Amino acid sequence: MIIKHIGQRVAVLIDVQNLYHSAKNLYRARVNFREILKLAVGGRNLIRAFAYVVRTKTGEEKPFFEALTKLGIETRVRNLQEFYGGLKKADWDVGIVIDAIRIAPGVDTLVLASGDGDFVALVEYLKNQGKRTEIIAFGKTTSLRLKEMADEFIDLERNPEKYLLKR
């Protein structure tokens, strides 16, 4: 058991697409972001929480964005890009890295809710800056290297009924 000191200042960065697709593919369910945030903060001092989301042309996700805001999570919104040939892309990796590096000096712990192996270098950098790093994600879809690099890996699959909303 790792002690999480009450006074620790925490930033939470949520890779919504990563968690959404993992929950959908593994459980055919949606993510309970209220419980994810509670787990990430762990009774400590939340400085800021960001959710990285994608806006589609239809705008059907607007109520979801509003729900995140009501939870105290700031949404970072990027428009879905559609390329010739039907390829769709909305990559937040660079934005997440920049926010993490920008906010790191003001916090003790960075909690990244993502299993994306692209964040291994970020976690390594943050640890070299003396920051505690925690990863929250679904074990089956999380990069092994990311799990190993973080100070703590919290597997949402240990208690799926708490962190998922059935469709």
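The values are calculated or read from the model by the stated rules, or taken from the named source; none is laboratory data. Please read these numbers as outputs of a predicted model, since none were measured by experiment. No Cβ is skipped: glycine too gets one built from the backbone with ideal geometry, and neighbour counts run over all protein chains shown.
For the stretch 156-167: of the residues being touching a residue at least 60 places away in the same chain (Cβ under 8 Å) and not hydrophobic (A, V, I, L, M, F, W, C), which is farthest from Val31 (Cα to Cα)? Among them, the one singled out is Glu157. Reported count of residues in the stretch 41-74, each being charged (D, E, K, R) and assigned to a loop (DSSP other than H, G, I, E, B), is 4. I need the full set of residues from the stretch 105-155 which are part of a helix (DSSP H, G or I), without any contact (Cβ under 8 Å) to a residue 60 or more places away in the chain, surrounded by fewer than 16 Cβ atoms within 10 Å (Cβ to Cβ) and of a type in the set (Gly, Ala, Ser), in order please. Result: Gly117, Ala121. For beta carbons closer than 6 Å, sequence separation of 6+ or different chains, a first residue in the stretch 11-22 that is over 19 Å from Ile101 (Cα atoms) and a second that is at pLDDT below 95 and surrounded by 23 or more Cβ atoms within 10 Å (Cβ to Cβ), there are no qualifying pairs.
A count restricted to the stretch 1-40 and to residues that are small (Gly, Ala, Ser) and outside any helix (DSSP H, G or I) stands at 3.
Taking into account only those residues within the stretch 48-103 that are acidic (Asp, Glu), modelled with pLDDT under 95 and surrounded by 15 or more Cβ atoms within 10 Å (Cβ to Cβ), which is nearest to the chain's Cα centre (by Cα)? If we take residues in the stretch 48-103 being acidic (Asp, Glu), modelled with pLDDT under 95 and surrounded by 15 or more Cβ atoms within 10 Å (Cβ to Cβ), then Asp93 is nearest to the chain's Cα centre (by Cα).
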